[in-house]
Amino acid sequence: MLQENNIIRVGIAADHGGFELKEFLAKTLRDLGYEVLDFGTSALNKEDDYPDFVVPLAKAVSDGKVERGVAICGSGVGACVAANKVAGVRACLIHETFSAHQGVEDDDMNMICLGGLVVGHAFALEIVKTFFQAKFSGDERFKRRLAKVAALEHKEAKS
């Protein structure tokens, strides 16, 4: 984990559809002691595009500059599609707590996507906290499966 004095460094990004939720989560997570890197948007602009904010966050997750990432758009779907185009990112659309921890425990998920128009602020915070607190189990069967996914990324990169 990227920790400095037990502070976990996380990233967050959103377009206009997730701006309000991003602002709430970023402030609340900082208040809880997380180091939050905000990849934008920094102002509500209904003409912005989610890849402009989600892709830099996904690259930071992939490069290890942040431990985990949270991407938000209106539904969360577009953010998830964009994030998963970055090699090394394992992002999922999450709107409940079971998958928020199970995705990390079994699949080493390192980024979640939320719908800013789908999930309320308090529940989104519970989902994110659950995601951040989860740990990859390291079970051999899960490592084997992840190696197969990584092989797909390498195959695509060579094509």
### Summary
Checking 39, 24 in turn, the sole residue that is modelled with pLDDT of 95 or more and more than 18 Å from residue 82 (Cβ to Cβ) turns out to be 24
#### Entry: Conditions (1) within 14 Å of the chain's Cα centre (by Cα); (2) free of Cβ contacts under 8 Å to residues at least 24 places away in the same chain; (3) over 19 Å from residue 119 (Cβ atoms); number of the one not met by residue 55
(2)
### Task
For residue 147, work out the one condition from (1) modelled with pLDDT of 95 or more; (2) farther than 12 Å from residue 94 by Cα; (3) in a helix (DSSP H, G or I); (4) among the hydrophobic types (A, V, I, L, M, F, W, C) it doesn't fulfil.
(1)
### Task
Enumerate the pairs (first residue in region 104-124 and over 30 Å from residue 147 (Cβ atoms); second residue anywhere and part of a strand (DSSP E or B)) with beta-carbon separation below 8 Å, excluding pairs fewer than 6 apart on the same chain, so at least 6 apart or on different chains.
115/72; 115/73; 115/93; 116/14; 116/72; 116/73; 124/114
### Task
Working only within region 110-129, note down all residues that are assigned to a helix (DSSP H, G or I) and crowded, with 19+ Cβ neighbours inside 10 Å.
124, 127, 128
#### Entry: Flag if residue 122 is small (Gly, Ala, Ser) and in contact with a Phe, Trp or Tyr (Cβ under 6 Å, 6 or more places away or on another chain)
no
### Sole exception among (1) at pLDDT below 95; (2) open to solvent by less than 70 Å² (accessible area, probe 1.4 Å); (3) assigned to a helix (DSSP H, G or I) for residue 156, by number
(2)
### Summary
Residue pairs qualifying under the 6 Å Cβ cut-off, at least six apart or on distinct chains, with the first in region 130-142 being surrounded by 15 or more Cβ atoms within 10 Å (Cβ to Cβ) and the second being part of a loop (DSSP other than H, G, I, E, B), are 136/108
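The values are calculated or read from the model by the stated rules, or taken from the named source; none is laboratory data. Quick caveat: nothing in here was measured; it's all calculated off a predicted structure. Cβ coordinates were reconstructed from backbone atoms using ideal geometry, including for glycine residues, and neighbour counts include every protein chain displayed. Side chains are part of the model used for accessible areas, which takes the heavy atoms of the whole protein and leaves out ligands, DNA and RNA. Shrake-Rupley method; radii C 1.70, N 1.55, O 1.52, S 1.80 Å.
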